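Notes follow the structure.
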There are 2 protein chains.
Amino acid sequence: MVGIRDVANEAGLAPATVSRYLNGQIVLRPETGKRIDDAVKKLNYRPNVIARRLSSGDSETLGLVTPDISYPLFSAIASAAEMEATRQGYQLAIFNSRNSVETELNILRHLETRQLDGIALLTNHTDTAAAAERINAVGKVVLIDEDVTGAEAPRIFADNEGGGRLVARHLIEMGHRDIAFIAGPEGMISAEERRAGFAAELAAAGLSLRPDWTLHGEYSEDHGAEAAITLLRAEQRPTAVFACADVLAVGVMRAARELGVALPGELSLVGFDDMNFSGLLHPPLTTVRQDAEVFGREGVRALLRLLKGEPTVEVVRVPVSLVARDSVASVG
Amino acid sequence: MVGIRDVANEAGLAPATVSRYLNGQIVLRPETGKRIDDAVKKLNYRPNVIARRLSSGDSETLGLVTPDISYPLFSAIASAAEMEATRQGYQLAIFNSRNSVETELNILRHLETRQLDGIALLTNHTDTAAAAERINAVGKVVLIDEDVTGAEAPRIFADNEGGGRLVARHLIEMGHRDIAFIAGPEGMISAEERRAGFAAELAAAGLSLRPDWTLHGEYSEDHGAEAAITLLRAEQRPTAVFACADVLAVGVMRAARELGVALPGELSLVGFDDMNFSGLLHPPLTTVRQDAEVFGREGVRALLRLLKGEPTVEVVRVPVSLVARDSVASVG
DNA sequence: ATGGCCTAGTAAACCGGTTTAAAAGCGGCT
DNA sequence: AGCCGCTTTTAAACCGGTTTACTAGGCCAT
């Protein structure tokens with residue numbers, strides 16, 4: 001294993017000189033520089049990253065924490081983040097927190113031990129006090145997609161409220177007046193904002209969101225299905241449902257099929273996320289597109305700005321757009 | 001930042017003693033041990049992993065390389081692998097190679113610099129000479145799902161041939177005799193094995209796979225669509241298509257829709273992979289299920305066995321199963 | 001006492017870089 | 001010749017652990 005000392009010997013110089021030259025901290029007279037370059041090439045020298053981390057304190061590695069890397073939106077974000085990190089000369093290590101606070105804290109600890117220069121955190125639960133405390137203690141964290149209450153960190157969020165508005169407007173345009181809302185977990189900022197925008201736009205049209213047609217629960221297919229069954233079994237049925245995540249919408253579809261309810265004939269459905277297969281569902285799902293590319297890219301950029309002490313924006317809002325496909329029928 | 005020297009001071013011992021005690025390399029008399037434990041607790045000491053790696057040479061981190069973490073099968077494997085690694089006390093760092101040989105080689109280099117103890121490699125191209133050389137040089141690599149020709153490493157592969165057979169048998173049972181095959185890239189072992197099993201079983205039934213009905217190309221929706229168009233525009237159409245990956249099948253569906261060909265009425269379709277949304281497609285796709293959980297879990301286990309010098313199996317074959325849904329109609 | 005043999009604990013080198021403070025080399029000026 | 005100031009290069013400390021080889025102390029047998 002060839003080390004910097006070998007290179008120094010070969011070039012007839014001191015290790016310090018080699019190190020500083022290779023890191024661009026000094027300029028050597030061309031002839032000396034060439035001696036080093038030649039030695040590096042001849043010995044095929046690669047600096048040992050671990051050693052560098054230990055002494056310099058920088059790992060040149062960023063971390064991305066997701067609750068579940070197998071969830072399409074998250075893996076798409078991870079993919080985009082990896083791209084941007086690589087482009088900027090950093091490496092990205094991806095972690096699965098499985099939504100466990102414990103695991104999140106463990107990963108955040110990597111910041112203190114310098115294994116990670118910074119972390120982009122995607123989280124999915126409301127129990128955030130401990131994480132917030134740690135984030136504030138070390139800094140070097142950006143939040144993507146979902147909030148950690150009380151943490152001071154740059155945030156990259158979707159324009160959830162605008163998305164909610166888009167959905168309301170679309171359904172109203174299509175003639176719907178009896179509209180239900182399948183929400184995510186209570187207290188989750190993404191869900192709350194989507195609801196707020198949705199409700200506001202309904203209100204603007206003289207409609208209101210009925211409390212008994214607002215069903216909270218976790219972001220899962222099962223919750224979507226259960227909520228749909230509740231709605232469809234009630235004496236009065238909505239003509240349209242806004243499920244504020246595509247997984248929920250998939251659950252609604254499953255329930256509708258089981259109950260023999262035609263989509264979109266008897267029930268219109270809108271989702272949120274535009275997971276990459278949402279257009280392939282039956283019927284192709286009308287949904288609000290969140291741009292995973294932008295999340296990943298901007299997340300990494302914001303993190304790097306933070307690390308370099310450049311000014312960062314408090315909250316970046318990633319625009320969303322409505323993708324109208326075939327799961328909404330016009331009524332009236 | 002509290003270090004081992006601080007703990008040693010607090011406990012009135014030497015750093016070496018603390019280190020060896022904490023790593024279970026020596027047993028101290030209970031009272032001394034307690035002094036250390038107390039000091040650790042009092043100072044909230046956490047060993048610096050980087051420093052440990054540098055001196056001991058072990059990183060307790062495993063790497064998983066995938067061509068594209070946003071591809072459902074891969075992200076599912078990553079998720080399962082992360083689970084198993086954590087269970088065994090290792091951390092898993094996930095990398096996106098974007099199918100670039102260059103990137104793969106860079107990541108493999110982490111083995112030499114001890115950033116990674118071992119690597120589970122998922123690859124997706126046939127240009128494998130350089131990777132094979134490096135793998136053989138350092139060892140500590142297992143191959144998942146796809147081969148790297150010439151590499152000596154434990155392999156975790158699907159029972160591709162068996163899968164191909166299952167599909168052939170199913171289509172034959174449903175009365176099909178005119179069957180086309182949309183293959184993956186030429187030379188890719190998974191595609192070849194699937195074809196081999198498929199062809200063998202057709203042959204056993206007195207049928208043969210027509211060369212002009214065997215279309216190679218990359219694993220992408222576009223290739224699936226193009227192949228489907230070629231098949232559907234020919235004077236004689238097959239009654240069924242086996243697309244040897246679900247992405248390809250999705251492409252076939254798209255093309256069929258565009259050409260107004262009813263599925264499964266006019267064309268039956270079988271995929272391979274069972275990506276998590278394959279059952280949600282229209283029509284729900286009949287496909288061969290590859291168990292991502294098993295891939296991830298067994299990959300990590302095999303890797304750990306390899307690292308510990310325990311005997312490893314040359315090739316583990318992960319069983320597959322046919323999931324019959326609605327994309328195959330019976331004919332004749 | 002003396003030596004042999006444990007056990008408990010330690011000093012110091014080491015991993016492979018980075019970084020700081022200082023030395024060496026060199027030309028010009030008095 | 002002696003000194004200044006500038007550039008080029010280096011010795012040595014450091015990051016925070018691990019590991020090896022060794023010492024100190026206690027016990028038993030001779």
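Observations on the structure shown:
- Search result, residues across the range A:272-314 that are in a loop (DSSP other than H, G, I, E, B) and surrounded by 24 or more Cβ atoms within 10 Å (Cβ to Cβ): A:274, A:275, A:285
- Looking across the range B:200-239, the residues that are open to solvent by less than 50 Å² (accessible area, probe 1.4 Å) and more than 31 Å from the chain's Cα centre (by Cα) come down to B:205, B:207, B:232, B:234, B:238, B:239.
- Residue B:76 being open to solvent by less than 50 Å² (accessible area, probe 1.4 Å) and more than 16 Å from DNA strand C (Cβ to nearest atom): yes
- Candidates B:70, B:59, B:79: the one that is at pLDDT below 90, among the polar types (S, T, N, Q) and in contact with an Asp or Glu (Cβ under 7 Å, 6 or more places away or on another chain) is B:59.
- Within the range B:245-271, the residues that satisfy the criterion of being closer than 27 Å to residue B:188 by Cα and open to solvent by 20 Å² or more (accessible area, probe 1.4 Å) are B:247, B:254.
- Unique residue being open to solvent by 40 Å² or more (accessible area, probe 1.4 Å), of a type in the set (D, E, K, R) and touching a residue at least 40 places away in the same chain (Cβ under 8 Å) when the list is A:159, A:147: A:159
- Any hit, the range A:35-58, residues being within 10 Å of DNA strand D (Cβ to nearest atom), more than 14 Å from chain B (Cβ to nearest Cβ) and without any contact (Cβ under 8 Å) to a residue 60 or more places away in the chain: yes
- Flag for residue A:242 being farther than 27 Å from residue B:283 by Cβ, out of contact with any Gly (no Cβ under 6 Å at 6 or more places or on another chain), open to solvent by less than 10 Å² (accessible area, probe 1.4 Å) and aromatic (Phe, Trp, Tyr): no
- Selection status of residue B:312, among the hydroxyl-bearing types (Ser, Thr, Tyr) and in the same structural domain as residue B:71 (by TED's automatic domain parsing): yes
- Verdict on residue B:75 being more than 11 Å from DNA strand D (Cβ to nearest atom), within 18 Å of residue B:300 (Cβ to Cβ), outside any helix (DSSP H, G or I) and in contact with a helix residue (DSSP H, G or I) (Cβ under 8 Å, 6 or more places away or on another chain): no
- Residues that are within 14 Å of chain B (Cβ to nearest Cβ) and farther than 18 Å from residue B:283 by Cα within the range A:257-288 comprise A:269, A:271, A:273, A:274, A:275, A:287, listed in sequence order.
- Screening A:172, A:135 for residues that are of a type outside the set (Gly, Ala, Ser) and surrounded by fewer than 19 Cβ atoms within 10 Å (Cβ to Cβ) leaves exactly one candidate, A:172.
- Identity of the residue in the range B:1-32, more than 12 Å from DNA strand D (Cβ to nearest atom) and part of a loop (DSSP other than H, G, I, E, B), that ends up nearest to the chain's Cα centre (by Cα): B:27
- Residue in the range B:56-67 that is part of a helix (DSSP H, G or I) and either within 15 Å of DNA strand C (Cβ to nearest atom) or outside the structural domain of residue B:120 (by TED's automatic domain parsing) (or both) present: yes
- Tallying residues that are touching a residue at least 60 places away in the same chain (Cβ under 8 Å), more than 13 Å from chain A (Cβ to nearest Cβ), assigned to a loop (DSSP other than H, G, I, E, B) and surrounded by 15 or more Cβ atoms within 10 Å (Cβ to Cβ) within the range B:88-130 yields 3.
- A Cβ distance below 9 Å, combined with a sequence gap of six or more or placement on separate chains, defines the contacts here; from the range A:6-17, residues that are open to solvent by 40 Å² or more (accessible area, probe 1.4 Å) reach residues that are of a type in the set (A, V, I, L, M, F, W, C) and within 6 Å of DNA strand D (Cβ to nearest atom) in the pairs A:13/A:28.
- No other residue among B:48, B:44, B:9 is more than 12 Å from DNA strand C (Cβ to nearest atom) and either at pLDDT 90 or above or under 24 Å from residue B:89 (Cβ atoms) (or both) apart from B:44.
- Residue count, the range A:214-234 (criterion: within 21 Å of residue A:202 (Cβ to Cβ) and part of a helix (DSSP H, G or I)): 6
The values are calculated or read from the model by the stated rules, or taken from the named source; none is laboratory data. Computed from a prediction, not measured in an experiment: that's the story for all the values here. Please note: Cβ atoms are built from the backbone with ideal geometry, for glycine as well, and neighbour counts cover all protein chains shown. Ligands, DNA and RNA are stripped out before the accessible areas are found, and what is left, the full protein with its side chains, is counted by its heavy atoms. Shrake-Rupley method; radii C 1.70, N 1.55, O 1.52, S 1.80 Å.
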